[in-house]
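Just below is one structure, and these are the notes that go with it.
The values are calculated or read from the model by the stated rules, or taken from the named source; none is laboratory data. Just so you know, these numbers come straight off a predicted model, no measurement behind them. Neighbour counts are summed over all protein chains in view; Cβ atoms, including those assigned to glycine, are modelled from backbone coordinates with ideal geometry.
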Amino acid sequence: MQKTKTALILLIAIITCLPNLASAASHVGKIYLQVESHGEAWYVNPTDGLRYYLGRPADAFNIMRELGLGISNANIAKIPVGILAYSGNDNDNDGLPNDLESALGTNPNSADTDNDDIADPTELDELTNPNGSGQISVSQTLVNKFKGRILLQVEQHGEGWYVNPADGRRYFLGRPQNAFEIMYYLGVGISNANLAKIPFNYTKSSQTVPEQYALKYPNDWAVNPNYKEETEFNGLPVIDQREFTLASGVGLMKIFVLEDSKDYTLAKMLIPARKNASLIYVKDAMVGVKPAKKTKFVYNTVVEGKEYTINKGAQFFGDIMISTKKFIHLDLIVFNAKDIATAEQQFNQIMNDFKILP
């Protein structure tokens with residue numbers, strides 16, 4: 001894995017020297033790498049034109065498949081196969097790993113499945129049939145229709161493929177490491193400024209607290225079943241609470257429903273100064289017709305806590321006034337500085353999607 005990380009850093013350095021391709025063509029279906037940051041990868045989904053953060057290989061694999069479209073074996077066979085330096089077991093050492101050969105129907109124990117003295121990878125590259133004679137029947141109509149899409153073989157075992165918009169070929173998405181390889185070899189460099197012009201989204205899970213709220217959040221977050229319950233926040237009793245772990249341990253988010261017999265305003269929810277942190281903003285907001293506030297702190301140093309360490313990370317708060325007696329409080333903690341921008345976008349989207357239930 002260290003080798004692949006090093007290779008990705010080298011790739012980003014090369015891409016930085018290239019002209020900005022993002023402004024010259026459509027974003028749809030592309031995978032972008034942030035060349036001015038840490039090589040964060042994004043997929044622009046053709047169905048909604050929004051970008052989705054791919055994160056680590058396992059996260060990218062799950063997100064890309066979540067956005068996939070089912071396709072028949074007959075139709076997928078009409079889209080040519082692209083070859084990368086895939087990882088994985090390769091019994092015949094022909095450059096096609098065993099799981100890819102299984103998806104293609106070629107023989108993983110023979111570099112020349114049909115014994116015509118032409119290796120399977122060469123036949124795929126030249127659009128001849130590695131399983132028999134003749135050419136592969138390519139449908140340019142299907143290629144154009146599915147450029148940039150993630151396709152899933154619904155008549156087999158759900159094998160996944162990414163159709164690269166640059167060459168119209170499909171690339172295997174069988175394992176999480178394949179997602180990294182696709183990002184590494186097929187990703188296009190983009191500046192932070194140009195990336196910011198593409199609207200952000202994520203694949204979502206949802207959770208409903210009856211008579212309180214409905215929450216949509218990234219589907220690679222996890223509900224923490226071992227959360228230590230708290231009885232009050234800012235002096236208000238807690239009547240319901242949840243905690244979520246962000247993908248790949250990036251951070252966590254807590255949600256409290258607070259209710260008291262006394263009357264308060266949003267001023268009761270103001271967040272006091274955080275030690276070793278700078279207040280970036282306090283913003284008025286609305287959640288539906290309910291008044292709210294959003295607050296952001298960025299930590300200036302490493303802060304050691306009992307349960308986690310914040311390494312120049314950040315903390316985002318969202319406070320919603322349901323009535324003078326009831327409030328909802330969201331607290332998102334980001335452990336590392338490099339994850340702040342993505343977590344902030346997710347937090348803003350969560351606030352936008354938040355629904356107060358009657």
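Just checking, how many residues over segment 213-232 are in contact with a Phe, Trp or Tyr (Cβ under 8 Å, 6 or more places away or on another chain), over 20 Å from Val334 (Cα atoms) and assigned to a strand (DSSP E or B)? Selection size over segment 213-232: 2.
Each row is one residue, and each column tells you yes or no for (1) loosely packed, with under 15 Cβ neighbours inside 10 Å; (2) in a loop (DSSP other than H, G, I, E, B).
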position: Gly39; (1), (2): no, yes
position: Gly49; (1), (2): yes, yes
position: Gly55; (1), (2): no, yes
position: Ala58; (1), (2): no, no
position: Ile63; (1), (2): no, no
position: Ile79; (1), (2): no, yes
position: Ala85; (1), (2): yes, yes
position: Asn89; (1), (2): yes, yes
position: Asn93; (1), (2): yes, yes
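Scanning segment 42-56 for residues that are charged (D, E, K, R) and either outside the structural domain of Gly29 (by TED's automatic domain parsing) or in contact with a helix residue (DSSP H, G or I) (Cβ under 8 Å, 6 or more places away or on another chain) (or both) yields Arg51, Arg56. Thr295 meets all of the listed conditions (1) buried (at least 16 other Cβ atoms within 10 Å of the Cβ); (2) in contact with a helix residue (DSSP H, G or I) (Cβ under 8 Å, 6 or more places away or on another chain) but one, namely (2). Of all the listed residues (Lys294, Lys290, Lys268), the sole one being more than 19 Å from Asn336 (Cα to Cα), assigned by TED's automatic domain parsing to the domain that holds Val334 and within 27 Å of the chain's Cα centre (by Cα) is Lys294.
Within segment 207-243, being under 25 Å from the mean Cα position of the chain (by Cα) and at positive phi holds for no residue. The residue of segment 142-179 that is farthest from Pro46 (Cα to Cα), among those that are in contact (Cβ under 8 Å) with a residue 60 or more places away in the chain and basic (Lys, Arg), is Arg175.
List the strands (runs of 3 or more DSSP E) inside segment 104-201, counting only whole elements, that have at least 2 residues being touching a helix residue (DSSP H, G or I) at 6+ places or on another chain (Cβ under 7 Å). It would help to see each step written out before you state the result.
On the way: elements: 150-153, 160-163, 170-172, 188-190.
Fully inside segment 104-201 and qualifying: 150-153, 160-163, 170-172.
Among the conditions (1) within 22 Å of Ser205 (Cα to Cα); (2) buried (at least 20 other Cβ atoms within 10 Å of the Cβ), the only one that Ala341 does not satisfy is (2).
Taking only pairs six or more apart or across chains, which ones have beta-carbon atoms under 9 Å, a first residue in segment 276-296 that is more than 22 Å from Lys355 (Cα to Cα) and touching a residue at least 12 places away in the same chain (Cβ under 8 Å), and a second residue that is among the aromatic types (Phe, Trp, Tyr) and surrounded by 15 or more Cβ atoms within 10 Å (Cβ to Cβ)? Within 9 Å, the pairs are Asn276/Tyr299; Ala277/Phe297; Ala277/Tyr299; Ser278/Phe297; Ser278/Tyr299; Leu279/Phe297; Ile280/Phe297. Would you check if Ile333 is of a type outside the set (Phe, Trp, Tyr), assigned to a strand (DSSP E or B) and either modelled with pLDDT of 95 or more or not assigned by TED's automatic domain parsing to the domain that holds Trp42 (or both)? Yes: the conditions hold for Ile333. Any idea which of Ile320, Ile310 is touching a strand residue (DSSP E or B) at 6+ places or on another chain (Cβ under 7 Å), over 15 Å from Ile350 (Cα atoms), of a type in the set (Val, Ile, Thr) and crowded, with 20+ Cβ neighbours inside 10 Å? Going through Ile320, Ile310 in turn, the sole match is Ile310.
Tell me which residues, restricted to segment 41-95, are hydroxyl-bearing (Ser, Thr, Tyr) and more than 16 Å from Lys204 (Cα to Cα).
Taking segment 41-95 first, the residues hydroxyl-bearing (Ser, Thr, Tyr) are 43, 47, 52-53, 72, 86-87.
Ser72, Tyr86, Ser87 - these are the residues of segment 41-95 that are hydroxyl-bearing (Ser, Thr, Tyr) and more than 16 Å from Lys204 (Cα to Cα).
From the list Asn224, Asn234, which residue is touching a strand residue (DSSP E or B) at 6+ places or on another chain (Cβ under 9 Å), farther than 26 Å from Lys290 by Cα, surrounded by 13 or more Cβ atoms within 10 Å (Cβ to Cβ) and in the same structural domain as Leu332 (by TED's automatic domain parsing)?
On the way: Asn234 fails: farther than 26 Å from Lys290 by Cα.
It is Asn224.
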